[in-house]
Amino acid sequence: MYDIVVIGAGAAGLTAAIYATRAEKKVLVLEGKTYGGQIINSLSVENYPGMYKVSGPDFAKALYEQAKELGAEIGFEAVTKVNKLENGFEIVTEDDKYEAKVVIIATGSEYRKLGLPLEKELEGKGLSYCATCDGAFFKDKEVIVNGGGNTALYDAEYLARICKKVYLVHRRSEFRGDKALFDRVKALSNVEIVAPAVISELLPEDGKFAGVVLSSTDGETGDAILGEPKELRAEGLFVAIGSKPSSEVFEGLVEMDENGYIVASEDCKTSVPGIFVAGDVRTSSLKQLVTATADGARAATEAVKAFSY
Ligand code: NAP
């Protein structure tokens, strides 16, 4: 039996493994894809304190090697179920079954995608899902933000300070983000609201993002309607249409909010004693590399404390 099984080998999970192995616990990290989580998609991370301009894949590799060097076992198997036992948990993967006294869930979240052709190819080449991560690359440039929630509104406000012009494209006339924030964004002289409209095509140029084709929508429902498509050229596109926590496997096991995020405060304790949650899959208002690693440290520290009860 392992002391701790960490589910997910992103920044939160690997940091949890580092802290837990240093506290002399027997740790297994299980990961269904590759190690590193979302950070492997960032060519350059410029907001992680003390590591200015580190590449995302290099950062992930360093974390992975650190966790292994400290004694964490890392298995590349997707977890399909977690069952509560009398004294711990059974963690079922595609290939095997493991037992642990404590579980740390660190499965992250995925940005919701537009689902358009070329979206994957243009990611990191002008198309981004994270304004805080990549906004600085678009200094004095024209960019598009897509979405109508608080993330899109915050992104538009943030980018307006850096970029020459921000087009805020939303599929409905009404924005679902906070009214006060919307009013603030609307008042910015370099933000132009383009709504209702939907991005129906991504335009590349020399392998980079160069603009979009916008189609008409019904302002109330956001559904596409017949109308003349229009081109909107810009150097950057920030897609901010929500994100999806990777938490399906834990449905019915721990409490989640209406969007599927696992409910916990900064102490990373879930509704089930012995199960902790760290990083983007947890309910929190800021989802960044620095908050993921901080959560990993906190979840492991709380998990280690659980052994003394
Ligand atoms: P969200 O509230 O779910 O909004 C997503 C937006 O994207 C909606 O306006 C939606 O349009 C639009 N959308 C979804 N799919 C689309 C598609 N395929 N094409 C075009 N548009 C699409 O997501 P979020 O803004 O990321 O916010 C998530 C949660 O975090 C919210 O509860 C939010 O309040 C919270 N949040 C809080 C803060 C903060 O307080 N600091 C900051 C950011 C986010 P419709 O409106 O038509 O559905």
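The table below gives the values:
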read-out: Yes/no for Ala152 being within 10 Å of the ligand (Cβ to nearest atom) and farther than 17 Å from Gly211 by Cβ; value: yes
read-out: Those residues of segment 183-198 which are within 13 Å of the ligand (Cβ to nearest atom) and either among the acidic types (Asp, Glu) or crowded, with 20+ Cβ neighbours inside 10 Å (or both), in sequence order; value: Val185, Pro196, Ala197, Val198
read-out: Residues of segment 223-233 satisfying the condition of being part of a strand (DSSP E or B) and either touching a Lys or Arg at 6+ places or on another chain (Cβ under 9 Å) or open to solvent by 50 Å² or more (accessible area, probe 1.4 Å) (or both); value: Ala224, Lys230, Glu231, Arg233
read-out: Leading residue by the ranking (farthest from the ligand (Cβ to nearest atom)) among those in segment 158-172 that are modelled with pLDDT of 95 or more and either open to solvent by 20 Å² or more (accessible area, probe 1.4 Å) or touching a Ser or Thr at 6+ places or on another chain (Cβ under 6 Å) (or both); value: Lys164
read-out: Single match in Ala62, Ala100 (criterion: part of a helix (DSSP H, G or I), at negative phi and among the small types (Gly, Ala, Ser)); value: Ala62
read-out: Any hit, segment 96-106, residues being open to solvent by less than 20 Å² (accessible area, probe 1.4 Å), touching a Phe, Trp or Tyr at 6+ places or on another chain (Cβ under 7 Å) and either of a type in the set (Lys, Arg) or under 29 Å from Gly147 (Cβ atoms) (or both); value: yes
read-out: Hey, Lys269 open to solvent by 40 Å² or more (accessible area, probe 1.4 Å) and modelled with pLDDT under 95 or not; value: no
read-out: Test: residue in segment 63-77 that is over 13 Å from Val5 (Cα atoms), away from the ligand (no atom under 16 Å from the Cβ) and open to solvent by less than 30 Å² (accessible area, probe 1.4 Å); value: yes
read-out: Test: Gly236 is crowded, with 16+ Cβ neighbours inside 10 Å, in contact with a strand residue (DSSP E or B) (Cβ under 6 Å, 6 or more places away or on another chain) and on the phi > 0 side of the Ramachandran plot; value: no
read-out: In segment 240-252, the residues that are assigned to a loop (DSSP other than H, G, I, E, B), open to solvent by less than 40 Å² (accessible area, probe 1.4 Å) and at pLDDT 95 or above; value: Ala240, Ser246, Ser247
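The values are calculated or read from the model by the stated rules, or taken from the named source; none is laboratory data. Fair warning: this is a prediction, and the values are worked out from it, not measured in the lab. Note: ideal-geometry Cβ built from the backbone for every residue, glycine included; neighbour counts use all protein chains shown. Accessible surface areas use protein heavy atoms only, side chains included; no ligands, DNA or RNA. Shrake-Rupley method; radii C 1.70, N 1.55, O 1.52, S 1.80 Å.
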